[in-house]
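Nothing in this text is a laboratory measurement; each read-out follows from the coordinates by a stated rule. Model, not experiment: these values are computed from the prediction. Note that we place each Cβ from the backbone using ideal geometry, even for glycine, and neighbour counts take in every protein chain shown.
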Amino acid sequence: MAETINGLFKAEVIHRRGPWRSFEAVEYATLEWVDWYNHRRLLAPIGNVPPAEAEARYHTHVGDQAMAA
């Protein structure tokens, strides 16, 4: 799975947005992409919501169940 994400990152950021002028530019683009990937990307298998939102819902649901037990 890690190889898939690395390939996706390279295709979407490194190769598409290059050539890069500095290491800092690559680092900033990486941070932007990771933020998008975790917080704004809509993922169909989990209801077209971002992964971070789905995870927050999960933890809320699990916490509610733990309190009820």
A44 versus R17, label points 7 Å from Cα toward the beta carbon: distance in nm?
2.5
So which helices of the chain fit the span-like rule, where a helix is a whole DSSP H run, its Cα atoms reach 15 Å or more along the axis, and its mean Kyte-Doolittle is at least -0.5?
23-39
Would you grab the residues whose amide H sits under 5 Å from the one on V49? Only those 5+ places off in sequence or on another chain, please, with H modelled 1.01 Å from N.
L43
Mean shadow of the chain, computed from the convex hull of its alpha carbons, in nm²?
6.3
³J(HN,Hα) computed for each position of the stretch 43-49 - Karplus, 6.51 cos²θ - 1.76 cosθ + 1.60, integer Hz, glycine/proline x:
10, 4, x, 10, x, 6, 10
